[in-house]
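Everything below concerns the one structure shown next.
What follows is calculated from the coordinates using simple rules that are stated; it is not laboratory data. Bear in mind the structure is a predicted one, so any value in this text is a computation, not a measurement. Note that we place each Cβ from the backbone using ideal geometry, even for glycine, and neighbour counts take in every protein chain shown.
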Amino acid sequence: MFCLFSNLKLQGTLQALFAGLLLGLLCLSPGSVWAQGKAFKDDMAERTRACTACHGEQGRAGPDGYYPRLAGKPAGYLFNQLKNFQEGRRHYNLMARMVDPLSDAYLQEIADHFAHLKLPYPPAVQATERISDRILKQGKKLALEGDSSRGIPACNTCHGTHLTGIQPNVPGLLGLPLDYLNAQLGAWQTLQRKATAPDCMSDIVKRLASEDLVAVATWLSTQNTPLSTAPSLKISAPLKAPWRCGSAPELSKAQS
Amino acid sequence: MFPVRFWRYFFLLWVVVAGLLGVAILIDNHRDLFESGSQALPQTSTASQNDTTLAENGKQLLQLGNCLTCHTARGGVTGAGGRAFETPFGKVYSSNITPDLKHGLGSWNAHDFWRALHFGKSKDGRLLTPVFPYQHTTLITREDSDALFAVLKSLEPTANLKPILKPSETLDWPYGTSTALAVWRSLFFTPGTYVQQVNQTPEWNRGAYIAQGLAHCAACHSERNAWGALAEVSDFSGGLMPVLNWYAPSLTSLQETGLASKSVAEIVRFLKSGQSGQALASGPMAEVVKHSTQHWRDEDLTAVSIYLQELALKVSRNEPKAPTNSDKKSQANTSPKVLSLGAKIYEKHCEQCHQNQGQGIPGAYPSLAKNRAVLLDDPTNLVQAVLYGGYPAATQLNPRPFGMPPFILTLDDREIAAVLTHLRTQWGNQVKEVTPLQVNRIRALQGP
């Protein structure tokens, strides 16, 4: 009896394994239904084809190291970015033309769609050339401790203890390509990228030198994502006055 | 050869002619000052309208005219102006029409406002540039002008952080000078009113009044001359929009929008939802649908549709029927290499949505077979669509549209030309091929 039972169990496990393997093969094979998407299904994945063409399948990031990942980012953050393109706080003609005809309600739905996709992050890309320890040390210090002498808060004050972001408005900083991070920090510096006033990120970048920005971007891009990449659900400590963020007012809500 | 006296008279004659011309232009441009009893101009029937109905009417009129879309900068405060309009003559920024005392219309009265709409002149007498479509707004009745002014008065007064640059500062010399504007106006602008056509229904007249006046359809749907002027506000024969580089198709030709073959209900549906059958509002028309036509009252949509359809019917009766054979010939000339490249790209990038016979997916992706937008002689809109992709307007009737990816970074000019040639010569489509040079020119004219 016992033997039979264990046999059954073993059989079940084998079956499950086999089924999993088949499913995996189905997903991986280039001719699979999923990869080619031949069948039309009226869902958000279909409606966001225009997005995933550049941002990668399911918004897992583009192959060229520039188009950022969308999957799993906080919905409020994604929505704010779509509005920033529409209202001229971020400048990229292609994106502006894409979102111009859409309503707030639909932009929110698109943001929610990508925010709810849970995909594993790939390991951090290893830099092709050796990065000096000095740069990495400087980047790490800014990211985790900030610089009190210049009044610069650490990245993890707002972007989550593990830098995976905070719901609903603050994005994570890990798992992003170096080119993208550099381009964004550069855009904050030249006022090509802005957020709703009061624009805390702009104020922080203003206090940093270009070398600091490169250092922090380099360090961030070399870090592997932690086991749980989900954005934190709550703020560990409120943002200290006088810092306030128009796009994430909840950060400073507990300020007295 | 001639005696000195002759030259003296000759010169004098020219001075007199030039002087007379100058005086004529001056009078022509300031006819509002000479108009019989300009002060006594109907101080309107405002007495009969209370403020709420006035503002309610004004709101409708504001949407019919799509005024706030142009008078609002990207991300700016509604009505505070500052949106840039690129023209072949230089840039013009829209003005602040909020009731701000210094930057907007705060110090204006209803008569000043009517003078701007009707005569194309600012309160201070400055001649406005025709980027403000006063060839159209001149048709607006005094009553409607007052209602518009009342609702603008109710906007939040907003000062501009930086004063908006005047056309005289931003247009290329000499187009922004008052002399140039005065000459332009004498040549191309006459203040007018909409004259009711007695042999037409009130609905038709309402449609004509909206389409020619407030809605200023011909501002895009008609070719401008070398001086940027329209022939007629009722000319909807289509035109390439300069700088923006979209082709606004003819509203009267059977070949282009084919309104003569559509029902009034279909035209209404297009204006209200942004799509109807194969027709899809894209580019600047998507903006018009999103901000303006989807918010129109049904009776106004119907009136405009009736007017445009009747006009199209009238024009189509005089239009040559079938297209000539020259198109077929051009297809035969297309090299097989181009056709096979086009077919390959279509299969790789387009077929998944637009399907193997170009039939599309109803409700999601438009069919390309026999699609009027594909068959337009001018391929500009097709190239724009392939380069930038994009979404149709999200409207109440189509709140969650499907979109198209951009191909500006994936396909080169040769490939785009080939795939467009492919879809212009398949599934019964028989129109001219698109050349890589055409694609290149359109790509080069777009911003980054």
Loop-only check: which chymotrypsin sites (Phe, Trp or Tyr not before Pro) in the range A:48-87 are DSSP coil with at most 13 other Cβ within 10 angstrom? A:Tyr66
Checking B:Phe189, B:Phe11, B:Phe149 against a Gaussian network model of chain B (alpha-carbon springs below 10 Å), the top fluctuating residue turns out to be B:Phe11
Within a Gaussian network of chain B (alpha carbon springs, distance under 10 Å), most fluctuating of B:Glu266, B:Glu310, B:Glu319: B:Glu319
Given the options B:Glu415, B:Glu169, B:Glu287, state which has the largest fluctuation in a GNM of chain B using a 10 Å cut-off (strictly under) for Cα springs. B:Glu169
Would you list, by chain and number, the aspartates and glutamates whose Cα falls below 13 Å from the Cα of B:Lys370, excluding same-chain residues fewer than 8 positions away? B:Glu256
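Sum -39500 (n - 2.57) across every DSSP H segment of at least 4 residues in chain B, then divide by the residue count to get the 222 nm mean residue ellipticity, nearest 500.
-12500 deg cm²/dmol
To the nearest 0.05, what FRET efficiency results for B:Gln352 and B:Arg31 with a Förster distance of 56 Å applied to their C-beta separation?
Result of the calculation: an efficiency of 0.40.
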Could you list which residues have their amide H under 5 Å from that of B:Met241, counting only those 5 or more apart in sequence or on another chain, with H placed in the peptide plane? B:Trp246, B:Tyr247, B:Ala248
Give the calculated FRET efficiency between B:Asp412 and A:Glu211 to the nearest 0.05, with a Förster radius of 51 Å applied to their Cβ-Cβ distance. 0.85
Which one, B:Pro191, A:Ile131, B:Ala211, is farthest towards the positive end of the dipole of the protein assembly as shown when Lys and Arg carry +1 and Asp and Glu -1 on their Cβ? A:Ile131
